[in-house]
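Q: Sending over a structure as structure tokens; questions will come in a sec.
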Amino acid sequence: MTTDTFILDGRDGTAVTAYRWLPEGSAVRGIIQLTHGMGEHALRYVALAEQLTGRGFAVYAQDHRGHGATAGGPEGYGVLGEDGWDRLVTDVGLLSDLARSAHPGVPLVLLGHSMGSFAVQQFLIADADPPDAVVLSGTAVLDLMEQGLDLSGPLDLSSFNAPFEQRTGYEWLSRDPAQVDAYVGDARCGFGLDLPGTRAMFAAARPLAELGTLKRIPGGLPVYVVVGDEDPVNGGLALVRPLTERYAAAGLHDVTLRIWPGARHEVFNETNRDEIVADLLTWLDRVVPERKDG
């Protein structure tokens, strides 16, 4: 695949660092727009991008505000800035527009992980052109999660690791020690959002519990939800099943919930990641068929 880095201009003038991975020697059959999670960055998805470009997809991603190269250094990690959550969601749409302009007439799939999946959920109810399909990994419903959190101060995510071994404190991410060590050893990982950004993210998610709001989403939109049943973010699946149930109640008729036994939060970095990605690719083959010449 070919790789390049570019700057996406936010509407407020913020320079958002973005990445593009393109297949070599084949026509682009579809676009996958990766939307990463909290306390990480887009370059953690290079291995996934390689598998997707190998199947003819162009892959786009950005380092969110307060993350990766966009943050401008450690002092900016987790700082979304004024109206930062809303602007982060807007940035998702700006990158979608850019990718579609570069590949006219090609279907676009939004793939959001964890915090990125919350941004995608938010984007789906915005007044914007919807994607052609959606993948949500490591996801949950934030309105129910909020009920068990104290948002008077910074989020303490250490409790996520309570059920697991305590070697690094990040075993909740994956069963693969090498993947956990790579995360711990990456200076661009391991932080949370600032308090204003956290509160804004949860506040913006409250309307997602309303059926009338969810009915803004096109009923034919294919949605693939992929989680591990040992992911503490979904609370023993109690915070993910309501998501697919709400979508069904809102009239979405192509919603797939894929639960991987034993898998933790980062399903694409799990010990059985090849199996997990293969299942995703099978779903993508259905919703974004390969283009036939002539």
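The values are calculated or read from the model by the stated rules, or taken from the named source; none is laboratory data. Not measured: the values here are computed from a predicted model. Cβ atoms come from the backbone with ideal geometry, glycine included; neighbour counts cover every protein chain shown.
Q: Looking at the range 253-264, can you tell me whether even one residue there is small (Gly, Ala, Ser), outside any loop (DSSP other than H, G, I, E, B) and surrounded by fewer than 19 Cβ atoms within 10 Å (Cβ to Cβ)? Explain how you work it out, then say what you get.
A: First pass over the range 253-264, keeping only residues small (Gly, Ala, Ser): 262-263.
Narrowing the set further to residues that are outside any loop (DSSP other than H, G, I, E, B) leaves none.
No, the conditions are met nowhere in the range 253-264.
Q: Same structure again: Evaluate the following for Ala61: is it crowded, with 23+ Cβ neighbours inside 10 Å, of a type outside the set (Lys, Arg) and under 16 Å from Cys189 (Cβ atoms)? Outline the logic, then answer.
A: Numbers: crowded, with 23+ Cβ neighbours inside 10 Å: yes; of a type outside the set (Lys, Arg): yes; under 16 Å from Cys189 (Cβ atoms): yes.
So Ala61 fits the description; yes.
Q: If you don't mind, another one. Across the range 163-193, what is the total count of residues that are of a type in the set (A, V, I, L, M), free of Cβ contacts under 8 Å to residues at least 24 places away in the same chain and exposed (fewer than 11 other Cβ atoms within 10 Å of the Cβ)?
A: 1
Q: Among (1) touching a Gly at 6+ places or on another chain (Cβ under 7 Å); (2) at pLDDT below 95; (3) not aromatic (Phe, Trp, Tyr), where does Gly219 come up short?
A: (2)
Q: Which members of the range 207-223 meet the condition of being buried (at least 18 other Cβ atoms within 10 Å of the Cβ) and outside any helix (DSSP H, G or I)? Working first, answer last.
A: Taking the range 207-223 as the starting set, the residues that turn out to be buried (at least 18 other Cβ atoms within 10 Å of the Cβ) are 208, 214, 217, 221-223.
Matches in the range 207-223: Ile217, Leu221, Pro222, Val223.
Q: Do we have Leu110 as surrounded by fewer than 22 Cβ atoms within 10 Å (Cβ to Cβ) and closer than 18 Å to Ala204 by Cβ here?
A: Details: surrounded by fewer than 22 Cβ atoms within 10 Å (Cβ to Cβ): no; closer than 18 Å to Ala204 by Cβ: yes.
No, not satisfied.
Q: Right, something else. Testing Thr139 on (1) closer than 30 Å to Arg291 by Cβ; (2) exposed (fewer than 14 other Cβ atoms within 10 Å of the Cβ); (3) among the polar types (S, T, N, Q), one condition comes back false. Which one is that?
A: Failing condition for Thr139: (2).
Q: Only one of these is in contact (Cβ under 8 Å) with a residue 60 or more places away in the chain and under 17 Å from the mean Cα position of the chain (by Cα): Leu8, Leu34. Name it.
A: Values: Leu8 fails: under 17 Å from the mean Cα position of the chain (by Cα).
From the options Leu8, Leu34, the qualifying one is Leu34.
Q: In the range 181-189, is there at least one residue being among the aromatic types (Phe, Trp, Tyr), closer than 29 Å to Pro222 by Cα and in contact with a Ser or Thr (Cβ under 9 Å, 6 or more places away or on another chain)?
A: If we filter the range 181-189 for residues that are among the aromatic types (Phe, Trp, Tyr), which is where we start, we get 183.
Cutting the leftovers down to closer than 29 Å to Pro222 by Cα gives us none.
The answer is no; no qualifying residue exists.
Q: Could I ask something else about it? Return the pair list, or none, for Cβ contacts closer than 9 Å from residues in the range 194-221 that are without any contact (Cβ under 8 Å) to a residue 12 or more places away in the chain to residues that are of a type outside the set (D, E, K, R) and in a helix (DSSP H, G or I), at least 6 apart or on different chains.
A: So the pair list comes out as Ala203/Trp85.
Q: Could you tell me whether the range 181-195 includes any residue that is within 19 Å of the chain's Cα centre (by Cα), modelled with pLDDT of 95 or more, of a type in the set (Ser, Thr, Tyr) and part of a helix (DSSP H, G or I)?
A: yes
Q: Follow-up. Could you identify the single residue in Ala126, Ala204, Ala119, Ala200 that is part of a loop (DSSP other than H, G, I, E, B) and under 21 Å from Leu243 (Cβ atoms)? Outline the logic, then answer.
A: Working: Ala204 fails: part of a loop (DSSP other than H, G, I, E, B); Ala119 fails: part of a loop (DSSP other than H, G, I, E, B); Ala200 fails: part of a loop (DSSP other than H, G, I, E, B).
Only one candidate qualifies: Ala126.
Q: Residues Phe164, Phe118, Phe160: which one is of a type in the set (Phe, Trp, Tyr) and in contact with a strand residue (DSSP E or B) (Cβ under 8 Å, 6 or more places away or on another chain)? If you could, list the steps in order and put the result at the bottom.
A: Details: Phe164 fails: in contact with a strand residue (DSSP E or B) (Cβ under 8 Å, 6 or more places away or on another chain); Phe160 fails: in contact with a strand residue (DSSP E or B) (Cβ under 8 Å, 6 or more places away or on another chain).
Phe118 is the lone residue from the list that is of a type in the set (Phe, Trp, Tyr) and in contact with a strand residue (DSSP E or B) (Cβ under 8 Å, 6 or more places away or on another chain).
Q: Among the listed residues Leu43, Leu8, Leu52, Leu34, identify the single one that is more than 13 Å from Asp63 (Cα to Cα), hydrophobic (A, V, I, L, M, F, W, C) and either modelled with pLDDT of 95 or more or surrounded by fewer than 17 Cβ atoms within 10 Å (Cβ to Cβ) (or both).
A: Details: Leu43 fails: more than 13 Å from Asp63 (Cα to Cα); Leu8 fails: more than 13 Å from Asp63 (Cα to Cα); Leu34 fails: more than 13 Å from Asp63 (Cα to Cα).
The match here is Leu52.
Q: Kindly list, by first and then second residue, each pair from a residue in the range 280-294 that is part of a helix (DSSP H, G or I) to a residue that is of a type in the set (Asp, Glu) and modelled with pLDDT of 85 or more, limited to pairs with Cβ atoms under 9 Å and residues at least 6 apart or on different chains.
A: Listed pairs, sorted by first residue: Val287/Asp132; Val287/Asp254.
Q: Among the residues in the range 36-43, are any in a helix (DSSP H, G or I) and over 15 Å from Val120 (Cβ atoms)?
A: Kept after step one, since they are in a helix (DSSP H, G or I), are these residues of the range 36-43: 42-43.
Filter once more, keeping what is over 15 Å from Val120 (Cβ atoms): 43.
Checking the range 36-43: at least one residue is in a helix (DSSP H, G or I) and over 15 Å from Val120 (Cβ atoms).
Q: Here's another thing I want to ask about it. Name the residue, out of Gly251, Gly236, that is farther than 27 Å from Leu88 by Cα and free of Cβ contacts under 8 Å to residues at least 12 places away in the same chain. I'd like the intermediate steps shown before the answer.
A: Values: Gly251 fails: free of Cβ contacts under 8 Å to residues at least 12 places away in the same chain.
Just a single option satisfies the conditions, and that option is Gly236.
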